[in-house]
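Below you'll find the structure, written out as structure tokens, and then a few comments.
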Amino acid sequence: MTRIVSKDKYIIALIATTGIFILGLLLGLVIENARTGYIDDKYADQDLDFRSSQLQYEFLNLLEEKENCPAIYQTLYANLEELEKTRVRIESYTKDATIEKSEFQALEREYFLTEVRYWMLATKAKEICDHDIVTVLNFYSDEEECPLCNQQSFVLGYLKKSLGERLLIFSFNVKTVDEPMIEILKTAFNVETYPSLVINEELFTDLNDVDVLFPVICDSYEEEPEACLDWEE
Amino acid sequence: MNIAMTIILWIMYFISLYFAVFWLIIFVTRDDDNEEEILQEFPFVSVTIPAYNEEKSIKTTIESVTNLEYPKDRFEVLVVSDGSTDNTESLVREAIESNKKYNIQLITQKNKGKGAALNKALNKAKGEFFVCLDADSFIDNDALLKMLPYFKDEKVAAVLPSLKVHKPEKLLEKLQWYEYIINMFYKELMGKLNCVHVAPGPFSVYRTSIIKEIGKFDENNITEDLEIALRLQYNDYKIVQVMNTEVTTLAPDTIKELYTQRNRWFKGALLNAFKYKKMMFNKKYGDFGFIQMPTIIFSGVIAITLVSTILYYGMKPYIEYLYNLRLVNFDFITFLKNININFALFDLNYVTVFIAVVMLTVTLYIMKKSEVRTNEKLLKYGSFGVIVYLIFYFLFLGIVWLGVLVDIARGKKQAW
């Protein structure tokens with residue numbers, strides 16, 4: 001019995017499968033483009049929000065009208081929440097990116113700088129309006145270099161959920177962002193290993209759980225939030 | 001996910017899609033030979049029922065053979081009790097007594113396995129055609145009339161009926177019912193290229209002389225039905241899959257039984273594929289060497305890779321989450337009280353979504369065509385089972401493949 005090899009069908013199947021895959025890759029490219037556009041738009045909005053918040057605090061400082069402080073802080077806090085969401089999102093997009101990786105990295109850098117600017121503004125706002133808030137700087141790296149960083153972020157997430165707007169966390173990815181400002185910050189706070197946290201200018205290295213961080217943060221408030229009181233109980 | 005893993009996954013997606021596209025091309029370009037041939041004469045047929053502790057179904061199985069639309073004097077029924085310790089043998093004797101007009105014989109042997117039981121029957125068989133019917137299977141009355149005409153071609157060594165699950169009630173049986181329906185469609189397509197690689201126990205009809213010529217059934221094989229089919233292919237014979245008559249078989253109704261059955265099947269497929277590796281990508285064996293042999297190997301590799309990845313990356317975040325809870329004194333209530341959904345449409349991994357949509361579309365198309373070709377309605381048992389089948393069944397089969405890999409690595413001996 002002569003058996004045949006259906007060469008033509010193998011070739012057609014190969015062409016069709018390759019075609020479907022190319023279509024998938026093209027779709028991926030279109031989506032990557034759309035994602036960079038989406039982040040660009042977000043960045044433009046958030047930059048405008050930042051400048052607005054900055055102007056509001058400068059105005060308050062100039063006129064020394066502190067009765068508007070709580071309302072302005074609400075806006076600053078909402079902007080920071082939005083910024084954090086975008087930071088998480090852009091990090092995930094950068095991981096997924098294939099062709100446009102450098103564009104996403106540039107966007108990550110822009111967001112890193114915005115985060116620094118927001119931290120500086122929050123510090124200044126604290127002085128102008130006497131906000132009873134605590135700021136935490138979180139220096140982290142990727143899973144390969146810092147396997148404990150995700151666990152530290154988990155603890156910070158818990159603290160954020162417990163303390164709400166009384167706690168501002170600024171996260172800086174030292175690995176993916178190629179930006180001189182990172183080195184300045186690291187030198188300023190003596191950050192050498194990851195994860196590292198800076199709470200009220202005090203450095204905490206390695207993994208710290210809530211039992212360590214809760215008391216440190218709570219002691220920094222003039223008037224302790226409810227979560228701190230619950231914690232002490 | 002690291003780059004090496006991503007590349008491996010993409011290769012697996014590509015190969016899976018390639019196989020699916022290939023068989024769809026075979027379906028689209030097939031020449032339908034719908035003209036049913038009528039049997040001109042009635043050759044003598046030996047129907048063998050190998051039975052090991054089959055007291056629950058043996059009587060019904062014998063009854064389904066005696067109900068065959070075929071002259072009573074043109075077939076014999078050989079029931080081989082493979083060392084049964086229950087009432088199987090006495091029930092067979094009762095069946096012989098109450099069906100005296102039929103030629104039914106009971107052959108007994110010590111428990112040696114199905115292959116040995118078939119060979120014992122083969123030695124006694126007088127039929128030009130030798131039929132194997134598992135004791136847990138039931139046949140259409142017209143099975144022989146529909147199947148025997150295909151032996152007109154001298155190179156046809158085996159003809160297989162359409163195989164379905166017998167009266168599925170439990171969800172697990174229904175899932176297997178869907179699987180069998182799709183498999184039948186797939187086997188019909190395999191038949192178009194003479195690529196059928198397994199002759200299942202339920203009512204496979206063989207040309208006796210060919211089975212004897214190639215050395216009978218392999219008594220030491222855990223999947224003798226797959227081995228004999230590969231050996232027939234190796235010896236250049238044809239295996240025909242028909243769709244116009246069906247056999248139903250009892251399916252495992254517990255996860256443990258199903259796991260054991262599939263573990264044996266998959267292990268047997270792998271071991272026999274290596275036994276006949278000479279056929280792999282060998283021009284002499286045509287499409288069988290180029291598509292079917294690689295499929296046997298790759299289906300395992302693909303299943304293991306995809307399932308390991310899904311289990312690892314799907315469960316990793318939850319395991320990490322549980323592990324991380326220790327850092328917050330297991331206070332998950334705070335997380336639950338402050339759930340914050342941060343989702344944008346762009347967050348979806350579109351390439352993966354695209355591949356999933358393509359795969360799902362192909363699967364649904366195949367399911368649709370399967371129900372037409374097998375003359376069934378996939379929603380006959382409701383839509384819940386179909387959804388469970390689509391989402392979870394392949395995961396289960398992947399887990400079985402993982403089990404096979406572990407067993408082989410540990411050198412575990414497989415009993416039939």
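Any read-out appearing in this document is the output of simple, stated calculations on the displayed coordinates, not a laboratory observation. In this text, all values refer to a predicted model and were calculated from it rather than measured experimentally. Cβ coordinates were reconstructed from backbone atoms using ideal geometry, including for glycine residues, and neighbour counts include every protein chain displayed.
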If you take every DSSP beta bridge fully contained in the protein assembly as shown, what fraction is antiparallel? Give it as a percent rounded to 5.
35
The protein assembly as shown: proportion of alpha-carbon pairs further apart than 36 angstrom, %
54
If the rule is a partner Cβ under 4.7 Å, which cysteines in the protein assembly as shown fail it?
B:132, B:195
Distribution of pairwise C-alpha distances over chain B, 20 Å bins, in %
23, 54, 18, 4, 0
Go ahead and estimate [θ] at 222 nm for chain B from helices alone: -39,500 (n - 2.57) per DSSP H run with n ≥ 4, summed, over the residue count, rounded to 500.
-16000 deg cm²/dmol
Largest first and to the nearest Å, give the Cα extent of the range B:375-416 along each principal axis.
42, 22, 12
Write down the percent of antiparallel bridges among all DSSP beta bridges whose residues are both part of chain B, to the nearest 5.
25
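Treat every Asp and Glu Cβ in chain A as -1 and every Lys and Arg Cβ as +1, leave all other atoms uncharged, and give the resulting dipole magnitude about the Cα centre to the nearest 20 debye. Display every interim value, and only then the final one.
Values: 21 positive and 46 negative charges, 374 e Å.
Approximately 1800 debye in magnitude.
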Give me a single rounded figure for A:88-99: the average over its residues of other chain Cβ atoms within 10 Å of their Cβ.
2
For residue B:247, distant residues with modelled amide H under 5 Å away:
B:162, B:163, B:164
D_trans [Stokes-Einstein, Kirkwood Rh over alpha-carbon pairs] for chain A, 25 °C, 0.890 mPa s, µm² s⁻¹:
121
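Using only Cα atoms, what is the ratio of the radius of gyration of the range A:6-83 to 2.2 N^0.38 Å?
Numbers: Rg = 25.5 Å, N = 78, 2.2 N^0.38 = 11.5 Å.
It is 2.22.
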Can you give me the C-alpha center-to-center distance between the range A:55-102 and the range B:60-99, rounded to a whole angstrom?
82
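Please quote Rg/Rh for the range A:38-130 to two decimal places, taking the Kirkwood radius as Rh and restricting both calculations to Cα atoms. Spell out each step's value before the answer.
Details: Rg = 15.1 Å, Rh = 14.1 Å.
Radius of gyration relative to Kirkwood radius: 1.07.
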Considering only chain A, percent of DSSP beta bridges that pair antiparallel, nearest 5:
55
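Remind me, what semi-axes does the range B:202-286 give for its equivalent ellipsoid, largest first in whole Å, using sqrt of 5 times each Cα gyration tensor eigenvalue?
On the way: eigenvalues 116, 67, 34 Å².
Values for the range B:202-286, descending: 24, 18, 13 Å.
Using only the alpha carbon atoms of the range A:132-233, find the Kirkwood hydrodynamic radius as the inverse mean reciprocal pair distance, in angstroms to one decimal.
On the way: mean 1/r = 0.0713 Å⁻¹.
For the range A:132-233, the Kirkwood estimate is 14.0 Å.
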For the range B:1-120, what does the equivalent ellipsoid look like in terms of its semi-axes, each the square root of 5 times an eigenvalue of the Cα gyration tensor, given largest first in whole Å?
44, 26, 11
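Sort B:400, B:307, A:216, B:357 so that the residue with the fewest other Cβ atoms within 10 Å of its own Cβ comes first and the one with the most comes last. Present the calculation step by step, with values, prior to reporting the outcome.
Details: B:400 24, B:307 20, A:216 16, B:357 12.
Ordered from fewest to most neighbouring Cβ atoms within 10 Å, B:400, B:307, A:216, B:357 come out as B:357, A:216, B:307, B:400.
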Computed for the protein assembly as shown: size of charge dipole around the Cα centre, +1 on C-beta of each Lys and Arg, -1 on C-beta of each Asp and Glu, debye to nearest 20, value 5160
For A:228, B:195, A:69, order by how many other beta-carbon atoms lie within 10 Å, fewest first:
A:69, A:228, B:195
Mind pulling the per residue volume of the convex hull built on the Cα atoms of the range B:325-378? Å³ is fine.
180
Counting other beta carbons within 10 Å of each residue's own, what order do B:110, B:316 fall into, fewest first?
B:110, B:316
